[in-house]
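Student: Here you go, one structure.
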Amino acid sequence: MHRSLHGRGPLFDTDPPGLAARLVGARPYQLRSSPYEHQDDLPFVVFAGGRGLGKSALLAEIRTAYQGHTPVALIDGEEAQFAGPPANRPRAAWSPVAHALTTVAEQLAEPVKGAGRISFPRLASGLLAVAAGGWSDRNVARIRQEAERILLLNDSRSFLDGLAGRWVSKVIAKLVASLSNAGPVVEPIIEATLEAFSEGVSPTHRRLRRAATWFRDYPNAGGNPKLGLILLSGHFRAGGDSRTHAERFLVRALLADLDDAYAGVMQRSHRLGRPVVLIDNVQAPAGRGLMEAVLRDRADGLGDQVVFFSALRGYALPALRHAVRRTLAEVARTTGWEPGSSPSSRALLVSLPPLTPDDTLHIVGALCRGLDVPPQLPHATHRLTGGSPLGITLLGESARQNLPGGAESLGALLTGDVALHADHDGRPAYRELLDRLVPDGRLDELTVLAAAHDRDSALALAEDRLPDDFGAAGVLGLQERLTEEGWPTADGQFVGDPFLRALLLLRLHHLDADHAQWKAVHRAVIDHYGGRDTTDAARYRLHHELALGNADLAVEHLRDTFPGTEVGAWLRSLVFIASAPYYHAHDPEGHDDSDGHDHRAAVALGRTDPAQRPPEGVDAALHLRVRRLLHAVWQLTDPLVLPDPEVAERLRFELEQLSNLRPGGTALLWRASRDWPSDALAGRPLRIPGDDGDGDGSQG
Amino acid sequence: MARLWRWLREDVWEIRFRRYMALLLAAVVVAAAVWTGLVMTRVDHSCAPGVSHPEGSDDCVGVSATAYDFGRSRFTATVRAIDRENHRLKPGSYVTVALFLPFTASAPATLNDIQHQLQGAYLAQYQANHDTNDQSPAIRLVLANPGADGAHWQTVVDRLDAMAKGPDTLRAVTGIGQSTDSNKKALRALTRLGIPVIGTSITADDLANGQGGKDPYPGLARVSPTNTDEARALASFAQVSGGQALLVYDKPGDPYTRTLQDSFEKLLSGSRIAPQSFTPPADRTLDGTTGNQFRQIASVVCDTPKTVNTILFAGRHTQLRQLVNALGDRGCTDRRLTVLTGDEGSYLTGDTKLEPRALTRNLSVRYTALAHPDAWRKETAATGGGAADAKTLDDLITRSKGEPVGPIGQVALQDGQLIISYDAMRLAVQGLREATPNGRAVPPLAEVVNEWSFVKGSHRVNGASGWICLDGHGNPYDKAVPVVELTPSGGSRFVRIAWPEGKPPAKECLPPA
């Protein structure tokens, strides 16, 4: 069917049914039922992943897939409306969870095919009692406004009820009238509410009456709904754990109202599947409070039949300590989820994988339909972004807008302007990406620290290049934040994620026209490692020298260490040093210089050899060979340019030649001469033969 | 199509409430379709209310109580008039009389007879309901068709029986007509069921009671004289002696011809002139080779003594026509000859094979008729019938040219069918009304059956064809028999009334015991 998300088949599949179809009981995009996987206990699904992994897009797609077929609500915990109460509304009568409940109920109420609106009388009376805690007889206009929004949750808009708006205004008039005498307002409001709910004879009013008695089960209410609501209001106002308790009851009221809409043969026969609630950024207070309340109630045996999909930035949250963890691929056919005893075991944490090279190919192909896309661009895009859906989509969009203008490398696509909306001016793609990946301040600091390799070098950099008030605490805080947000860590890099690091370094390079900052930061790192005489320090130093354009030091080091070092270690050093960013000159506006062509290929292919004068007393042939090899690896592993097949071929030749010079390491060099060219062309990282795993340090 | 299917599959089928509603709706639609189909197929079998096609036939058989004309447009006007009259009647105030005739016959001559009988029956119904001082019960007239050949008589008899037992209060059947096997069976079945029957144009002796002392059809009354009576009347009319007449008879003959033959032989007893016989084909409506026999008979006639001026013919109409044509070519056209025969002679009025010039050669053909419009115009006997009675009918016919009586279509009285049918209906009306006990609206069937024996004396029916006084077997006693003569133009001319008893009945009109 119409699928706009790539690589998310395990969730959206219909035949065999994917996770969404099995939980909701209806196929996405179609009004067709699907067998349930879980009958009584439902898992609270949490999609986990770092920024840019497409969680928000996933939830939005679920909403699109079920909109109009079953009630769907989507809230984002980080939205501004959940951050704090509106002006002139006291904090005592407002909480993110209560506001989230109002928003969710408003969305769920929308009619779907085959069934009318859902009304939420229990939630409405609870919310009214809570809101009344912030009312006084001074601000009638605000009371009207708040009460109307809450009371409209009751509105089923059935023709049987006549004009629902009339009922609402009648009740509001009653509420306002009950305010007229000074003194406590909560009690009269609750009284007037319950009274209003108990009038009328239509089926809707019968439901209202039944709903009005629901709060008599509130603890200590003694079977009196009015007392229950007063206690609820009081607990809410008290704040802290009492408020959490009250909020739990409000959540329960929402779920009870939903259950009511699905109760009975007649009501069920109008509906297909289960209602769906989508919570983005569940780690934010509004989402977390909602999730914790649902998880606790479910653990306590108060079941409901609402399907929750939520998105968590990062991979851990205290409330999800015992959550069942799966990858998306694992839940494609069955979740294997069994609830445990703890509330958190009611959650199913599904980590979203990055997209595959094939997905990248499809996305770029779809975005650049009709354009002449360089054949290696999709794989190179995947190598740069590491499969980040956000990165791939934005780069694809940039390719669509900039390829016709002559942009060739990924670097050009990142620095090229991209307009995401037709009526917006374009901005450089890397800035758009950084705005989304690092939205909450500290971007400048992180830009500097991206050059660091570990905490020590980061602290040194901070001391040297950042304001004094940032200091060590700032460094540690940033490091923790990166972990919390789900960014991977990597040995030898302060910013573990290669894509984010590449973007930050690009930003660093473009901070000022003459790259003064860029140079200063690298110089600072070199200085930091200058005092140490370890192999790693040398590698780091040479890496940054290379970034500043000084290739000779690296060539010297590699040439001198070649005969005496173990071949695997030597190759590892080669790859790491060559992973230095290569930013050549650019014009004052930050765009690549038009004639600033990449000189690495020319060096690697030996075209500059005649002009070279190897130092006295060294093996000139080896010197030149190492120099060509370094530039070849540098070019081929640079994520911002497309690998040059000619250079790859030359790389194979050079490694073969080297293998003859090291009888002990022939096999390794020979292996590398076979693997590296093809890996480089395919966008795969270069692996050191004999190492198991991918060799993290060789990526960037 | 795909979108409709998708809509049905997703928007209707998947939402159970809609699915059940759709199934319910589909069931209702299917049921309605089946019902409509059944009704449609039933309509296919039906011609009109009460009238339908029997299995394997496209004839329309049954009893019609509506303005259905059996597909014969010549009936339409009369049938509409009947329907109008029937609709005027209040339920419970009437008895039903069925006119039993083969309405779907196709022969034009037969259809003419039927049309005239229909008109006669209706006029009598109208008269009974309007002109007789609101006597009760009123008369409702329905049409019973046993099919063109009468084959479906059983169906119709069953229906009539049901009507006799049901709210239709059928109390008499009139009509019947020719003496066919089916009619005999129908008559037998009806009378066995106790339904009174009044024969209109039946003359055959075997469709009568009292022949050989037996009453095979209890409840049958007739308004036409039997063949025997006709022959007797003819004999009294002829007044010929042995030397004046030659008998020509059918051999072996059928009941009709033998009846005539017997009467003629009695008249000619002791004659020296030998009777001449002829042998027709088995189906006497076919010409066959009898033409040759009649040419020989014609020459025999010329050889007879000059005193012979009358030929008494005991045969059917086809043979009569052949004889007349042969006599037209006889050698002795200077001798005046008269052919006398029974009511078969009336068929020659419309026979195109008759050579008209035969009648211009000193030859006349005279025969008895059931009734004749001129019978009471010229010659009025004191008893046995009267001009006033005939005039009543004439007036009614005049009024029937427009509303409220008519229209009833083209009226023709020459063949006597209208008159005789009118008289039969009047007899039925009288019987029904006389049999109705005081205080009751409707007579019991058995009372009507018994009523026939009282129709005599002052309770006689003064018919337009003459007095109708029934004997103990339901046969008319000394009924006036008009003798008519065939004219060269193909019509008929009234000659004189003849009487079976030789003279008109006495004023009391009481049949001898």
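Student: By DSSP, what percent of the beta bridges with both residues in chain B are antiparallel, rounded to the nearest 5? It would help to have the intermediate numbers written out before the result.
Tutor: Working: 21 of 55 bridges.
Once the DSSP bridges in chain B are tallied, antiparallel ones form about 40 percent.
Student: Kindly provide log₁₀ I(q)/I(0) values, in the same order as q = 0.15, 0.16 Å⁻¹, from the Debye equation applied to equal alpha-carbon scatterers of segment B:229-368.
Tutor: With one equal scatterer per Cα and no solvent, log10 I(q)/I(0) is -0.66, -0.76.
Student: Name the shape class, rounded, prolate or oblate, that the alpha-carbon gyration tensor gives for segment A:601-700, where a ≥ b ≥ c are the square roots of its eigenvalues, rounded holds for a/c under 1.5, and otherwise prolate holds if a/b is larger than b/c and oblate otherwise.
Tutor: Because a/c hits 1.5 or more and a/b fails to exceed b/c, segment A:601-700 counts as oblate.
Student: Compute the normalised compactness of segment A:302-393: alpha-carbon radius of gyration over 2.2 N^0.38 Å, N being the residue count.
Tutor: Numbers: Rg = 18.1 Å, N = 92, 2.2 N^0.38 = 12.3 Å.
Output field value: 1.48.
Student: Could you give the dipole magnitude of segment B:229-368 about its Cα centre, charging the beta-carbon of Lys and Arg +1 and that of Asp and Glu -1, in debye to the nearest 20?
Tutor: Details: 17 positive and 15 negative charges, 93 e Å.
With only Lys, Arg, Asp and Glu charged at Cβ, the dipole is about 440 debye.
Student: Still on this structure, I have one more. How far, in nm, would the chain grow between A:GLU110 and A:GLN67 when pulled straight, counting 0.36 nm per residue and subtracting the alpha carbon separation?
Tutor: So the chain would gain 14.5 nm between A:GLU110 and A:GLN67.
Student: Evaluate E = 1/(1 + (r/R0)^6) for B:ASN133 and B:THR285, where r is the Cβ-Cβ distance and R0 equals 60 Å; express this FRET efficiency to the nearest 0.05.
Tutor: Values: r = 47 Å, r/R0 = 0.79.
Working from the Cβ atoms, E equals 0.80.
Student: Which one of B:GLY416, A:PRO663, B:LEU268 has its Cα pushed farthest toward the positive end of the charge dipole of the protein assembly as shown, where Lys and Arg give +1 and Asp and Glu give -1 at the Cβ?
Tutor: B:LEU268
Student: One quarter of the convex hull surface, Cα atoms only: what value does that give for segment B:177-301 in nm²?
Tutor: On the way: hull surface 36.0 nm².
Computed as one quarter of the Cα hull surface, the answer is 9.0 nm².
Student: Might you list the cysteines of the protein assembly as shown that have no disulfide-compatible partner by the rule of another cysteine's Cβ under 4.7 Å?
Tutor: Cys with no partner Cβ under 4.7 Å: A:CYS368.
Student: Each label point is 7 Å from the Cα along the Cα-to-Cβ direction; what then is the distance between the points at B:GLU265 and B:ASP334, in nm?
Tutor: Those two pseudo-labels are separated by 3.7 nm.
Student: Using only helices, what value at 222 nm comes out for chain A when you add -39,500 (n - 2.57) per DSSP H run of length 4 or more and divide by the total residues, to the nearest 500 deg cm²/dmol?
Tutor: Working: 30 runs with 353 residues, N = 700.
Theoretical 222 nm ellipticity from helices: -15500 deg cm²/dmol.
Student: Multiply the residue separation of B:HIS53 and B:LYS214 by 0.36 nm, subtract the distance between their alpha-carbon atoms, and state the gained length in nm to one decimal. Show your work: numbers first, answer last.
Tutor: Values: separation 161, 0.36 × 161 = 57.96 nm, distance 3.75 nm.
Full extension from B:HIS53 to B:LYS214 adds 54.2 nm.
Student: Here is a follow-up. Tell me the angle of helix A:140-151 to the major Cα principal axis of chain A, expressed in degrees between 0 and 90 and rounded to the nearest ten.
Tutor: Tilt of helix A:140-151: around 80 degrees.
Student: How long are the three semi-axes of the equivalent ellipsoid of chain A, in whole Å, if each is the root of 5 times an eigenvalue of the C-alpha gyration tensor, listed from largest down? Present the calculation step by step, with values, prior to reporting the outcome.
Tutor: On the way: eigenvalues 733, 136, 97 Å².
Each semi-axis is √(5λ); the values are 61, 26, 22 Å.
Student: Using a Förster radius of 56 Å, what is the FRET efficiency between A:ALA366 and A:ARG210 based on their Cβ-Cβ separation? Nearest 0.05, please. Display every interim value, and only then the final one.
Tutor: On the way: r = 52 Å, r/R0 = 0.92.
For A:ALA366 and A:ARG210, the calculated efficiency is 0.60.
Student: Going out from 0 in 5 Å bins, what whole percent of all Cα-Cα distances in segment B:3-82 drops into each bin?
Tutor: Here the calculated profile for segment B:3-82 is 3, 13, 12, 13, 9, 8, 7, 6, 6, 8, 7, 5, 2.
Student: Using only the alpha carbon atoms of chain B, find the Kirkwood hydrodynamic radius as the inverse mean reciprocal pair distance, in angstroms to one decimal.
Tutor: Hydrodynamic radius (Kirkwood, Cα only) of chain B equals 24.9 Å.
Student: For chain A, take the longest principal axis of its alpha carbons; what is the angle in degrees between that and the long axis of helix A:186-197, to the nearest 10 within 0 to 90?
Tutor: 70 degrees
Student: With the crude spin-label approximation of a point 7 Å out along Cα→Cβ, what separation in nm comes out for A:ASP464 versus B:TRP13?
Tutor: Label-label distance for A:ASP464 and B:TRP13, simple model: 7.2 nm.
Student: Stokes-Einstein at 37 °C, 0.692 mPa s, Kirkwood radius from Cα pairs: D for segment A:413-479 in µm² s⁻¹?
Tutor: Diffusion coefficient, whole number: 245 µm²/s.
Student: If you count the DSSP beta bridges with both ends in chain A, what percent of them are antiparallel, to the nearest 5?
Tutor: 25 percent
Student: When the Cα atoms of segment B:2-48 are enclosed in a convex hull and the volume is divided per residue, what value in Å³ results?
Tutor: Convex hull of Cα atoms, per residue: 71 Å³.
Student: What spacing in nm lies between the two simple spin-label points modelled at B:ARG6 and A:SER169, each 7 Å away from Cα in the Cβ direction?
Tutor: 4.3 nm
Student: On to the next question. Taking only the alpha carbons of segment A:456-698, what extent do you get along each of the three principal axes, in Å, biggest first?
Tutor: Rounded to whole Å, the extents work out to 55, 41, 37 Å.
Student: Suppose we flag trypsin sites (Lys or Arg not before Pro) only when DSSP calls them loop and at most 13 other Cβ atoms lie within 10 Å. Which is the longest uninterrupted stretch of chain A?
Tutor: A:139-320
Student: Right, next: Report the Cα-based extents of segment A:343-491 along its three principal axes, largest first, to the nearest Å.
Tutor: In descending order, the Cα extents are 51, 45, 32 Å.
Student: Something else about it: In vacuo Debye scattering of segment A:81-271, one point per C-alpha: log10 I(q)/I(0) at q = 0.18 Å⁻¹?
Tutor: -1.26
Student: Moving on to the next point. Among A:PRO614, A:GLN635, A:LEU651, whose Cα sits farthest toward the positive end of the charge dipole of segment A:609-700 (+1 at Cβ of Lys/Arg, -1 at Cβ of Asp/Glu, about the Cα centre)?
Tutor: Among A:PRO614, A:GLN635, A:LEU651, the one farthest towards the positive end of the dipole of segment A:609-700 is A:PRO614.
Student: Would you tally the net charge around B:LEU486, using a Cβ to Cβ cut-off of less than 9 Å, leaving B:LEU486 out, and scoring K and R as +1, D and E as -1?
Tutor: Numbers: positive: B:ARG366, B:ARG493; negative: B:GLU485.
Summing Lys/Arg as +1 and Asp/Glu as -1 gives +1.
Student: Can you work out the FRET efficiency for the pair B:MET40 and A:MET266, with r the C-beta to C-beta distance and R0 = 45 Å, to the nearest 0.05?
Tutor: The value I calculate is 0.70.
Student: Rounded, prolate or oblate, given the Cα gyration tensor of segment B:383-513, with a/c below 1.5 counting as rounded?
Tutor: Oblate, because a/c is 1.5 or more while a/b does not exceed b/c.
Student: Hey, if you drop one equal point scatterer on each alpha-carbon of segment B:445-513 and run the Debye formula without solvent, what base-10 log of I(q)/I(0) do you get at q = 0.27 Å⁻¹?
Tutor: So the normalised log intensities work out to -1.18.
Student: Here is a follow-up. Can you tell me the dipole magnitude for the protein assembly as shown around its Cα centre, using point charges on the Cβ only (Lys, Arg +1; Asp, Glu -1), in Debye to the nearest 20?
Tutor: Result for the protein assembly as shown is approximately 6160 debye, rounded to the nearest 20.
Student: Take every DSSP beta bridge with both residues inside the protein assembly as shown and express the antiparallel ones as a percent of the total, to the nearest 5.
Tutor: Restricted to the protein assembly as shown, the bridges split so that about 35 percent are antiparallel.
Student: Can you give the angle from 0 to 90° between the axis of helix A:567-578 and the longest principal axis of chain A, with both taken from C-alpha atoms, to the nearest 10?
Tutor: 70 degrees
Student: Can I ask one more? Multiply the residue gap between A:GLU330 and A:THR489 by 0.36 nm, knock off their C-alpha separation, and tell me the result in nm, one decimal place. Provide the component values of the computation, followed by the final result.
Tutor: On the way: separation 159, 0.36 × 159 = 57.24 nm, distance 2.40 nm.
So the chain would gain 54.8 nm between A:GLU330 and A:THR489.
Student: Among B:ALA506, A:ALA80, A:PHE120, pick out the residue whose Cα is farthest towards the positive end of the charge dipole of the protein assembly as shown, where Lys and Arg carry +1 and Asp and Glu carry -1 on C-beta, about the Cα centre.
Tutor: Projecting each Cα onto the dipole axis, the largest value belongs to B:ALA506.
Student: Any idea what the dipole of segment A:174-299 comes to, in debye rounded to 20, about its Cα centre with Lys/Arg Cβ at +1 and Asp/Glu Cβ at -1?
Tutor: So the magnitude is around 320 debye.
Student: Inverting the mean 1/r over all pairs of different Cα atoms, compute the Kirkwood radius of segment A:1-49 and quote it in Å.
Tutor: 11.4 Å
Student: Could you please report the charge total around B:ASN129, scoring K, R as +1 and D, E as -1 over all other residues with beta-carbon less than 12 angstrom from its beta-carbon?
Tutor: Net of charged neighbours comes to +2.
Student: Around B:VAL442, under 13 Å between beta carbons, what's the net of Lys plus Arg minus Asp minus Glu among the other residues?
Tutor: On the way: positive: B:LYS90, B:ARG140, B:LYS165, B:ARG171, B:ARG433, B:ARG440; negative: B:ASP168, B:GLU447.
That works out to +4.
Student: Let me ask another. Please list the equivalent ellipsoid semi-axes of segment A:455-499, computed as the square roots of five times the alpha-carbon gyration tensor eigenvalues, in descending order and whole angstrom.
Tutor: Numbers: eigenvalues 76, 29, 11 Å².
Listed largest to smallest, the semi-axes of segment A:455-499 are 20, 12, 7 Å.
Student: Please compute, for the alpha-carbon atoms of segment B:306-379, the extent along each of the three principal axes and give them in descending order in Å.
Tutor: Sorted from largest, the Cα extents of segment B:306-379 read 38, 27, 22 Å.
Student: Sticking with this structure for a sec: Using only alpha carbon positions, build the gyration tensor of the protein assembly as shown, then give the equivalent ellipsoid semi-axes as the square roots of 5 times its eigenvalues, largest first, whole angstrom.
Tutor: One finds semi-axes of 127, 43, 22 Å for the protein assembly as shown.
No value in this document is a laboratory result; all are computed from the given coordinates. Here the structure is a predicted model, which means the values were calculated and not measured. No Cβ is skipped: glycine too gets one built from the backbone with ideal geometry, and neighbour counts run over all protein chains shown.
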